[in-house]
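To start, the structure itself, in structure tokens.
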Amino acid sequence: MSLTAALLIASALFGLGLWGALGQQSIVMLLMGIELMINGVMLAGGAMWAYAAGGEPKGQLLVVIAMAVMAVEMAVGFAIVVAVYRARQVDLTEGLDSLAR
Amino acid sequence: MTGVAFWVFGVAAVVAGWRVFRTDSMVRATFLLLASFLNVGAILLLLGGAYLGMALLFMMTVEMTVMVIFMVAFMMNPAGLNPMNMTHQPRLAAVAGWAAFAGGAAVAWRSNFPDRPLPAGKAVIAELGTELMGRSMLMFETAGVALVATMIGAVVLSSRRSRYGQDAGDDGSLPPVLDPATGAYPAGVLPEPEASGHGHHGGHS
Amino acid sequence: MSLHADVWAAPVLAGAVLALGAYVVAVLDVAAAGLVAGTGSRRVLAQPVRNVALLIRQEPTLTERPDRASWVLAPALYAGLAAAGISVVPWSRTFSIADVDTGIVLWGSIEALVVVALFLHGWSANSHQPLLAAYRFVAVGLSYLLLSMFVLIAAAIPAESLQLSRIVESQAGLWNVVRQPLGLPLFAVAALGSTTWGPLNLAAGDDLSGGTTADVSGLPLLVWLGARAAMLTAFAAMGTAVFLGGWHGPLLPDPLWVVLKTVALLAALVASGHLVARVRAERFVTWCWMVLLPLGFADLALAGLQALR
């Protein structure tokens, strides 16, 4: 249970989240990919706090702020899902390119 | 003992995270993500972050409960009774995922992090409390304001009564189709062709 | 400060306490039904045993294409959460099964996971009524979850700790039910909600032909109902620890005081099932967010003001 092991697990979670976020068509599954990424970040932050920062309280603060970020991301993501579903009857990311034109 | 427990939780978190995107049942996907979070929370508890681990367990459970409601409401295959594949750009996604993991693993392996472990007997919960309410009060308050702004924004985005007036949030939206393959609506649901302006793509939302 | 039970003794102890508590809940239920109906109740002590025997003999049904993993997981999770909940309750000034630093937050997690367990139970049957019951319950559950966290944190403020043993110690002079009067009623709402009991019986009620238990029978139903009664016991024990002064009391030994107070609280909770009508889900959700949650804020503010003095 060392810092390297914990950071390895955190990188694995981050990589899995990125794979899911980029590869999924459904907005809700994309949200889950982002959640996994933030999960990895929180684990990495907690591990660094416990092993490399000597229990400095700001390390815990970082993890708490990451949790708040996760809540914000989910709330806005679900509002977007609802708005997209109302307009297109499916919750897919395909065709959401009005800003690209 | 804690070393074994750490690896059990860690591997379980990674496997659950992988299965999230490989399972057909959407409800199972949500709860597999919850399982991944619960394992990370357990690891945080093992590392000594007593409040962090518990708060993670609590918050993630509530978030996944909300997510499962949305899953069943919006996804096409919530129970996984049919196999489905809803991926796009699979190669790019896989390459990006592996690259992220490789980068993180390289940092984890090769970096020389300072070795300052958590001192035993530290009052971590009391320290977190005094830090949140004391020196980092500004950060805490900013997070609070951001959450309030998010709440308002989410309600505005998804409310039927948008800022354009009563029922204007539904402008351009149509009720769900009866048969996704043909796009057929139940009889009497759509307005008559003369009354409606555009077809399905009713303007930009 | 508290003596932790041995790792192997902890589940056995928790299981024994919960089994006894579930039996007490069943007895109280039969007695309350008889009292309220005016018919009196015969064989109050034997009736629960007969019900258990009937359920063991009954054939367990299975629906078409259920989610088998959730079918098994949901009752096990429910029972496990009750066991986790009862283990942090202090039985005397030196003993609790597992006194964690963050007992209050653990209880928040337990209540949240109960919502998950009940949703899985309704989902797993692949049937209409259980799914409707699960959905109704999630709406209600998300409403009272915040409420219970506020009142629990308010109780933690005078103790300046999230640890349950310290919270009980802080009530040496005055019980929390006196200095935070809103706490116990609001916590009772959470208790009734988490066990879908009485007025908040939206997930297992007769209006949905049994709710999430509509397609469950036999041994799985017995495990589910037993876990529900065990969870009610755990909530009552938690309520006595946090609001009714735990093991504080003049003459009798500490654990006996805990048992007496828990049984009293259990009697009140169980009786509410026969005295108060079931709420309507949408009305309760509105009322919870508009009335009860501000009351929870007021409770928290009151506790904070008292601590500042």
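We did not get these values from a lab; they are worked out from the coordinates using the rules stated. No experiment lies behind these values; they were computed from the predicted model shown. Heads up, the Cβs are rebuilt from the backbone with ideal geometry, glycines too, and the neighbour counts pull from every protein chain shown.
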Quiz item: In units of 2.2 N^0.38 Å, what is the alpha-carbon radius of gyration of the range A:3-100?
Solution: 1.30
Practice problem: With only Lys, Arg, Asp and Glu charged, each at its Cβ (+1 for the first two, -1 for the last two), find how big the charge dipole of chain C is about the Cα centre; round to the nearest 20 debye. | Solution: 520 debye
Practice problem: Work out the charge dipole of the protein assembly as shown with +1 on the Cβ of Lys and Arg and -1 on the Cβ of Asp and Glu about the Cα centre, then indicate which of A:Q89, C:A9, C:F235 is farthest towards its positive end. | Solution: C:A9
Quiz prompt | From the C-alpha gyration tensor of the protein assembly as shown, square roots of 5λ in Å | solution = 40, 33, 24
Exercise. Using a Gaussian network model of chain C whose springs link C-alpha atoms within less than 10 Å, name the residue from C:V285, C:V270, C:V178 with the highest mean-square fluctuation.
Key: C:V178
Quiz item: Which three semi-axes in whole Å describe the equivalent ellipsoid of the range C:191-242, each the square root of 5 times a Cα gyration tensor eigenvalue, listed largest first?
Solution: 22, 14, 5
Quiz item: Once the dipole of the range C:14-137 is set up with Lys and Arg at +1 and Asp and Glu at -1 on Cβ about the Cα centre, which of C:F137, C:L113, C:A98 lies farthest towards its positive end?
Solution: C:F137
Quiz prompt | Calculated P(r) tail over 22 Å for the range B:5-112, as whole % of Cα pairs | solution = 46 percent
Quiz prompt | Compactness index (Cα Rg / 2.2 N^0.38 Å), chain C | solution = 0.98
Quiz item: Is the range C:80-197 best put as rounded, prolate or oblate by its Cα gyration tensor, with a ≥ b ≥ c the root eigenvalues, rounded for a/c under 1.5, and otherwise prolate when a/b is larger than b/c, oblate when not?
Solution: prolate
Practice problem: Run the quick spin-label model on B:A123 and C:Q58: label points 7 Å from Cα toward the beta carbon, then report their separation in nm to one decimal. | Solution: 5.3 nm
Quiz item: Relative to the Cα centre, what is the charge dipole magnitude of chain A, using +1 at the beta carbon of each Lys and Arg, -1 at the beta carbon of each Asp and Glu, and rounding to the nearest 20 debye?
Solution: 100 debye
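Applying 1/(1 + (r/R0)^6) with R0 = 30 Å to the Cβ-Cβ distance of B:H88 and B:Y185, what FRET efficiency is obtained, to the nearest 0.05?
Computed FRET efficiency for B:H88 and B:Y185: 0.65.
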Quiz item: Taking every residue in C:161-168, how many Cβ atoms of other protein chains lie within 10 Å of its Cβ, on average?
Solution: 1
Quiz item: In whole Å, how far is the Cα centre of the range B:95-142 from that of the range A:1-55?
Solution: 13 Å
Quiz prompt | ³J(HN,Hα) computed for each position of the range C:18-33 - Karplus, 6.51 cos²θ - 1.76 cosθ + 1.60, integer Hz, glycine/proline x | solution = 5, 5, 4, x, 4, 5, 4, 4, 5, 4, 4, 5, 4, 5, 5, 4
